[in-house]
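Reviewing the structure listed below.
Just so you know, all these numbers are worked out from the coordinates, no wet-lab data involved. Bear in mind that the values here come from a model prediction, so they are computed numbers and not experimental data. Note that we place each Cβ from the backbone using ideal geometry, even for glycine, and neighbour counts take in every protein chain shown.
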Amino acid sequence: MLELADVVMHHKLGHVTVPALDGVTLGIAPGEFVALYGPSGSGKTTLLNLIVGLTIKPTSGTITVDGRDVASMTRKEADEYRLRTLGIIGSHDVLQPGARAIRAASIRLRLADRTNPEEAVAPLLLRLGLGDRLRHRVEQLSMGERQRVVIALALSTSPRLVLADEPTGNLDTENTRLVLALLRDLCHERKLALLLATHDPEAIAFADQIVELRDGSLHQRVRDGQRAALAESGERR
């Protein structure tokens, strides 16, 4: 679904070239939850922005989604891609102040000219445990509930690829685990390709695969249990 091939990104700061990404290669299949782990400033957001394809393009390398090169899309194709193929889960700050939860979650469906958008998104909000909060205004929701509305907003148009950029950064431990478990379950149920960018070491436990962004390059990260299994396998050889 998502294929990154030797992606390089350099930023120009005056006469100085600053490398941000150095030959990043990664593939994510439908139904796979991949965690992109790294500290703030490691380039995670730059990589996500390249996949979104809104304002920047890679210095070299290719990013393809569902077989299409993101950088070569026309403006119309890119707008359609971001509305229907791509879902973005960020902070709950994107929610319109004063809007009721069901209306805030249906904005993408309205842009897609979907008939009865609020009715269409209601089952997803119910799945996310917000059945009794549909008519509450954003300000009346808890932080965890607002983040679930953001998830519903991102998934409302049935995207095939979902990018989550530090979606639990403002949540407490309980809500962080709830939101990540919901994302994992929805990824597997809906066969989404999900890329989660995070600096939280606890968040990566929910992913199927973990890659660490370090010095502009990706490194496969092995879980403790996997490391033990690999060591035991090696001892038997």
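Observations, loosely collected:
- Convex hull volume per residue for segment 1-110, taking Cα atoms only, in Å³: 150
- Answer label for Rg/Rh (Cα atoms, Kirkwood Rh) (calculated), chosen among (i) 1.16; (ii) 0.99; (iii) 0.95: (ii)
- When the helices of the chain are scored as -39500 (n - 2.57) per DSSP H run of n ≥ 4 and the total is divided over every residue, the value at 222 nm lands at -9500 deg cm²/dmol.
- For segment 107-126 versus segment 13-60, the spacing of their alpha-carbon centroids is 31 Å.
- Percent RCO, i.e. relative contact order, over segment 107-157, from Cα pairs under 8 Å lying at least 6 residues apart: 53
- Three-way shape call for segment 16-69 based on the alpha-carbon gyration tensor, with the a/c threshold at 1.5: oblate
- R0 of 30 Å, Cβ-Cβ distance residue 68-residue 45: FRET efficiency to nearest 0.05: 0.85
- Using θ = phi - 60° in the Karplus curve 6.51 cos²θ - 1.76 cosθ + 1.60, the 3J(HN,Hα) couplings for segment 89-97 round to 10, x, 6, 5, 5, 6, 6, 5, x Hz; x is entered for Gly and Pro.
- Site pair residue 214 and residue 190 shows an inter-label distance of 3.3 nm when each label is modelled 7 Å from Cα along Cα→Cβ.
- The chain, relative contact order [Cα under 8 Å, separation at least 6], %: 29
- Per-pair calculated FRET efficiency, R0 = 25 Å: residue 91 and residue 55 via Cβ, rounded to 0.05: 0.85
- Under 16 Å from the Cα of residue 57 - lysines, other chains or at least 8 residues apart: 12, 44
- Residue 18 paired with residue 79, simple spin-label distance in nm, labels 7 Å along Cα-to-beta-carbon: 3.2
- Listed values for segment 174-189 are Karplus-derived 3J(HN,Hα) couplings in whole Hz (6.51 cos²θ - 1.76 cosθ + 1.60, θ = phi - 60°), namely 5, 5, 4, 5, 5, 5, 5, 5, 5, 4, 4, 5, 5, 4, 6, 5, and x replaces Gly and Pro.
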